[in-house]
Amino acid sequence: MSDDAVRHLTEKILARPEYADAVGLNAKAESAFLRWLEAILKPLKRIEILRTDSPILYWMIVGAIALVCAALITHLIWTIAAALRAPEPPVPSREFGGSLPDLAREAESLAASGRYLEAAHRLMLACFRTLAERSVIELRPDRSNRWIRAALRGSSLAGNLAAELDALVEGTERRWFGDRKSDPEIYARWRSAYEQLSSYAP
């Protein structure tokens, strides 16, 4: 098939209604884009005309545009510099602050009123806090007492103290979720363990 024949066939195909609609849409879109571009460039053409007709007004407009651009750039640089100079947000302290309750004092108050199991439970929490403060164990809300007991057995604590804390946690947990017997002995043992832990030097 010759080139003329191919060209003629192509023209016939493009003349069909389905292709005519597509060509019409492309032409409309292109025309709309050109009108939009012309609307943007038209004021610039007028400003360029002012360069010869009214140079003073022309340079005033150019100067105003330059000032606006400079102000925008300065503001952008200042914003970025301010963001870079801003201090990092404080890292939450790993130490337990004074705003937390004094668990040992609460334990004393509970024991004085005969609530020995609750007092023992407070001292258990106080011991956990002390262990975390001294980095003996890593205390997290999702860590169970079973995990804490295993961590105690593998910690740097003296063997007798670690074993005593392990046994106390197990016994307190059994009473707390069991018969809740208020036994002064469990409180006395926790008090002794807490005092040993408070004076413990890693």
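The values are calculated or read from the model by the stated rules, or taken from the named source; none is laboratory data. It should be emphasised that the depicted structure is a prediction, and the values quoted were computed from it without experimental measurement. Positions of Cβ are generated from backbone atoms using ideal geometry, with glycine treated the same way; all protein chains shown enter the neighbour counts.
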Checklist outcome for this item: Residue hits (region 159-184; touching a residue at least 12 places away in the same chain (Cβ under 8 Å) and loosely packed, with under 12 Cβ neighbours inside 10 Å) are Arg180, Lys181
Checklist outcome for this item: Going through region 153-180 in order, the residues found to be of a type in the set (Ser, Thr, Tyr) and in a loop (DSSP other than H, G, I, E, B) are Ser155, Ser156
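Given the criteria surrounded by fewer than 17 Cβ atoms within 10 Å (Cβ to Cβ), on the phi < 0 side of the Ramachandran plot, of a type outside the set (Phe, Trp, Tyr) and more than 35 Å from the chain's Cα centre (by Cα), does Ser144 qualify? If you could, list the steps in order and put the result at the bottom.
On the way: surrounded by fewer than 17 Cβ atoms within 10 Å (Cβ to Cβ): yes; on the phi < 0 side of the Ramachandran plot: yes; of a type outside the set (Phe, Trp, Tyr): yes; more than 35 Å from the chain's Cα centre (by Cα): no.
So Ser144 does not fit the description; no.
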Next on the checklist: For the structure I just gave you, tell me whether Trp190 is at pLDDT 85 or above, surrounded by 15 or more Cβ atoms within 10 Å (Cβ to Cβ), under 22 Å from Leu110 (Cα atoms) and under 38 Å from the mean Cα position of the chain (by Cα).
Outcome noted: no
Checklist entry - Could you say which residue among Ser192, Ser198, Ser156 is in contact with a Pro (Cβ under 7 Å, 6 or more places away or on another chain) and either farther than 16 Å from Phe128 by Cα or small (Gly, Ala, Ser) (or both)? => result Ser156
Checklist entry - Among (1) of a type in the set (S, T, N, Q); (2) loosely packed, with under 14 Cβ neighbours inside 10 Å; (3) at pLDDT below 85, which single condition is Ser155 missing? => result (2)
